[in-house]
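K.L.:
Right, I'll just put the structure down here and ask away after.
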Amino acid sequence: MFRSGLAVAGLAFAVLFPTGAEALNFSFRFSGNMSCMRPVPVSNAPISGSGTGTLNPDGSVTAEVSQTLLVFSTSLRFDSKLGPRVTPVPGGTGQVRVAGKQSLKFIWNLPNNTLIVTVNVRGQSCNAAFQANLHGGKSEYTFFDGSGYHYCGRPVMTTSSCEVR
């Protein structure tokens, strides 16, 4: 299994970084809505996020991702190597994973759920997708605002965009 993961990572680098290639810079945005039950009940609140990142040929990744629910914002910094290593981020842990030959997943692990932004790169274009997955036995999604958790229904994304810079 571990060797298989290394093979996928190696293949991803070969596709994303032809010999002598520079770092890959990208940015993404998404927006939607979600309803929260506590600590402040709110229905169909706007949620949005954006991020910029750099994937280097050596496998190091740096990315700044911000997410906003109403007026509550959280910024996450991913500064690591690709792979299963988990690093502390506000409200939980984060990691960057290779998700295929041309895809990266930015993963934010919170107490009740995992929020994932997948960035797919094809040449000089890309797309981004947002996903929220509840942990087993949980029924509310958590969102961390920098000082506390909000307990909400499933976020619904309505738009997303991505750009290779």
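K.L.:
Can you tell me which residue is modelled with the lowest pLDDT among those in region 139-165 that are loosely packed, with under 12 Cβ neighbours inside 10 Å and in a loop (DSSP other than H, G, I, E, B)?
P.N.:
Here the residue is Arg165.
K.L.:
Name the single residue that is nearest to Ser147 (Cα to Cα) among those in region 93-125 being open to solvent by less than 40 Å² (accessible area, probe 1.4 Å) and in a loop (DSSP other than H, G, I, E, B).
P.N.:
Leu110
K.L.:
Filter region 73-92 down to the residues that are open to solvent by less than 50 Å² (accessible area, probe 1.4 Å) and in a strand (DSSP E or B) and list them by number.
P.N.:
Thr74, Leu76, Phe78, Ser80, Thr87, Val89, Gly92
K.L.:
Quick one: which residue in Ser80, Ser43, Ser75 is of a type in the set (Ser, Thr, Tyr), under 15 Å from the mean Cα position of the chain (by Cα) and under 23 Å from Thr158 (Cα atoms)?
P.N.:
After ruling out the rest, the residue left standing is Ser75.
K.L.:
Examine region 31-45 for a residue that is in contact with an Asp or Glu (Cβ under 9 Å, 6 or more places away or on another chain), of a type outside the set (D, E, K, R) and at positive phi, and state whether such a residue exists.
P.N.:
No - not one qualifying residue is present in region 31-45.
The values are calculated or read from the model by the stated rules, or taken from the named source; none is laboratory data. If you're wondering where the values come from, they're calculated on a predicted model, not measured in any experiment. Methodologically, a virtual Cβ is constructed for each residue, glycine included, from the backbone with ideal geometry; neighbour enumeration extends over all protein chains shown. The protein model used for the area step is the full one, side chains on, heavy atoms only, and it has no ligands, DNA or RNA in it. Shrake-Rupley method; radii C 1.70, N 1.55, O 1.52, S 1.80 Å.
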